[in-house]
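Every read-out reported here was derived from the displayed coordinates using simple, explicitly stated rules and does not represent laboratory data. The shown structure was predicted, so the numbers you read here are calculated from the model rather than taken from an experiment. Every residue, glycine as well, gets a Cβ built from its backbone with ideal geometry; the counts of neighbours run over all protein chains shown.
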Amino acid sequence: MLQSIAEYLSTHTAQILVQIRDHLLISLLALAAASLIGIVCGYFASRSGRAERWITLPFNVLRVVPSLAILVLLIPVIGTGVKSAVTALAILAVPPILINTVVGFRDVPDFMTECAAGIGMTPRETLWKVQVPQALPMIFAGMRTALVEVIASATLAAKIGAGGLGEIIFTGLGLNRADLLIIGGVAVAILSLGCGLLFDIATKKIIKWK
Amino acid sequence: MKKAIKTFAAAGLAVIIGAAVSGQVLAGDAIRVGSKDFTENEIVAELYALALEDAGYEVERVFDVASSVIHTSILNDEVDVYPEYTGTGLISILQLDPITDPQEVYDTVKDAYEEQFSLTWLDYAQANDGQGLFISKEASDEYGITTISDLQANAENLRFASQGEFDEREDGLPGLEKVYGPFNWKSSKVYDNGLKYNVVEEGEADVSPAYTTEGRLSETDKFVLLEDDKQVWPPYNLAPVVRDNVLEANPEIADILNKVDATLDTATITALNAKVDVDKEEYEDVAAEYWETIK
């Protein structure tokens with residue numbers, strides 16, 4: 001088993017590197033799109049209970065639909081390839097970011113915003129200098145959850161020609177070859193854990209700087 | 001709580017014993033027709049079942065058995081007859097080296113099955129559900145590609161849609177390259193097997209692997225099945241595999257099933273598959289309709 005793993009790794013090195021690159025690219029694009037949507041929607045949702053209900057509901061409904069189903073449903077609309085994969089993964093990644101953003105903004109203590117108003121800050125200044133820094137740790141935590149989830153699910157991208165490490169896993173399933181399944185599975189796990197760790201380090205740096 | 005567990009266990013045991021007993025009883029009277037878990041095999045198995053029922057036999061259908069398991073099922077006396085492919089028998093079950101002559105493959109598996117498993121291969125149908133490659137009609141017209149040799153010569157202009165396993169399997173791309181030479185695709189991407197026709201139809205790829213009787217290949221205005229002009233792939237002819245003791249007890253079923261197989265060629269099977277996979281009819285209806293035309 002170890003031998004066949006080593007052999008596959010040495011004969012397919014270039015291919016695996018391309019797959020890792022594609023996998024990361026898809027995941028990060030999806031995370032970027034989801035962060036944009038999640039944080040903006042989350043900010044508006046945090047301002048009233050009613051807005052929160054209406055904004056989080058559709059995303060929570062969408063999240064329940066399995067990513068694989070979304071991928072296949074998107075094909076007639078967007079086509080195959082990277083665009084569909086990123087869209088499906090972004091849909092998966094929005095809810096954790098959205099929910100954490102809402103909680104982050106809502107948990108900013110009232111006295112802080114009141115003080116800010118009291119010392120003459122404009123609402124815009126209050127947002128950027130008080131609310132955002134206070135909410136940031138929660139938002140980052142949501143992004144981290146989303147990132148790990150997205151990297152694991154990005155294996156599905158291989159089903160629609162978007163590449164990534166899923167190619168090795170699905171090939172292994174088709175051939176019933178455990179060595180390929182282990183290579184693919186372990187690579188995704190390492191990528192997921194590694195990115196999580198890097199994200200933690202980056203978060204610490206940013207929040208300290210703040 | 002303890003009592004509940006006991007009751008539950010007793011009920012479970014009763015169900016298991018009941019199932020075993022009823023299985024035993026049925027095994028006595030009915031012929032158990034099995035099928036693998038894909039459209040074509042279910043249609044053909046249903047045809048066998050209909051033919052046997054029309055001849056007065058009682059039939060029990062054991063359909064949708066996983067392809068990798070059905071051989072074990074017939075060895076374990078859970079199935080009496082099912083449609084098998086000569087190439088599958090040769091390569092997957094007997095694990096012999098590929099042979100490309102249909103008659104030779106059939107003779108080899110027939111002898112080996114009789115000797116090793118006490119199973120009989122009845123006559124094989126012309127229908128060949130083998131490995132193949134198809135190309136979009138546009139690309140075929142543009143480059144004049146109708147055979148795999150043509151394909152190899154034009155590979156650098158073509159985008160390949162693989163299912164991943166085809167690139168690695170001994171009877172996939174590596175096998176082809178040994179005989180035809182290298183295929184330097186313009187690009188090669190992995191897609192889910194269920195999407196290959198959509199991907200080619202929408203112009204996102206030009207070539208993809210297929211099985212030669214897949215329903216969508218009947219859309220000849222969109223897809224062209226390439227001829228394996230150097231005969232790399234072994235034939236996968238359909239034939240009924242029957243347990244010897246069942247055949248001895250009912251010798252006339254050989255004729256009944258052979259008659260069905262004699263009508264099945266690749267075009268017929270492809271058209272039947274298309275009715276289920278493209279037109280979304282039920283396989284039972286398609287089989288019954290076809291049976292009316294040949295009985």
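Treating r as the C-beta distance of A:Phe44 and A:Phe111 and R0 as 30 Å, the FRET efficiency rounds to 0.85. Counting only other chain Cβ atoms within 10 Å of each residue's Cβ, the peptide B:168-174 averages 2. One decimal place: the segment A:Leu197-A:Glu7 gains 65.5 nm when fully extended, by the rule 0.36 nm per residue minus the C-alpha distance. The Kirkwood radius of chain A, taken over pairs of alpha-carbon atoms, gives through the Stokes-Einstein law at 20 °C and 1.002 mPa s a diffusion coefficient of 114 µm² s⁻¹. Compared with the direct C-alpha span, the chain from A:Ala178 to A:Ala51 gains 40.8 nm at full extension, assuming 0.36 nm per residue. When you count the other C-beta atoms within 10 angstrom of each residue and take the mean per peptide, A:28-38, B:247-257, B:44-54 line up highest first as B:44-54, A:28-38, B:247-257. Calculate the length of the line joining the C-alpha centroid of segment B:181-198 to that of segment A:158-197, in whole Å. Comparing the Cα centres of segment B:181-198 and segment A:158-197, I get a distance of 18 Å.
From the square roots a ≥ b ≥ c of the eigenvalues of the alpha-carbon gyration tensor of chain B, which class results: rounded (a/c under 1.5), prolate (a/b over b/c), or oblate? Since a/c reaches 1.5 and a/b is larger than b/c, the shape of chain B is classed as prolate. Take every DSSP beta bridge whose two residues both sit in segment B:131-225; close to 60 percent of them are antiparallel. Considering only the Cα atoms of segment B:55-168, their convex hull presents on average a projected area of 10.5 nm². Summed over qualifying helices (DSSP H, 4 residues or more, each -39500 (n - 2.57)) and divided by its residue number, chain A shows a 222 nm mean residue ellipticity of -27500 deg cm²/dmol. Taking the DSSP beta bridges with both ends in the protein assembly as shown, the antiparallel portion is around 60 percent. Out of every Cα-Cα pair that segment B:131-225 contains, those further apart than 24 angstrom amount to 10 percent.
When the pairs A:Lys159/B:Lys186; A:Lys129/A:Lys204; B:Lys36/B:Lys230; A:Lys159/B:Lys36; B:Lys36/B:Lys137 are compared against a 27 Å limit on Cα-Cα distance, B:Lys36/B:Lys230; B:Lys36/B:Lys137 fall above it. Based on DSSP H segments of at least four residues, each scored -39500 (n - 2.57), chain B has a per-residue ellipticity at 222 nm of -14000 deg cm²/dmol.
Let me know the charge dipole size of chain B about its Cα centre in debye, to the nearest 20, where only the beta-carbon of Lys, Arg (+1) and Asp, Glu (-1) is charged.
Using Cβ point charges on Lys, Arg, Asp and Glu, chain B gives about 1220 debye.
Residues A:Leu68, A:Leu2, arranged from fewest to most other Cβ atoms within 10 angstrom of their Cβ, appear as A:Leu2, A:Leu68. If the chain linking B:Glu202 and B:Glu138 were pulled fully straight, counting 0.36 nm for each residue of separation and taking away their Cα-Cα distance, it would gain 21.9 nm. In this calculation the C-beta distance from A:Lys205 to B:Glu292 is compared with R0 = 51 Å, giving a FRET efficiency of 0.10. Within chain B, antiparallel bridges make up roughly 60 percent of the DSSP beta bridges whose residues both belong there.
Treating each Cα of the protein assembly as shown as an identical point scatterer and summing with the Debye formula, the log10 of I(q)/I(0) at q = 0.09, 0.13 Å⁻¹ comes to -0.82, -1.23.
Ranking A:Phe59, A:Leu25, A:Pro123 by Cα position along the charge dipole of segment A:2-209, where only Lys, Arg, Asp and Glu carry charges on their C-beta atoms, puts A:Pro123 farthest toward the positive end.
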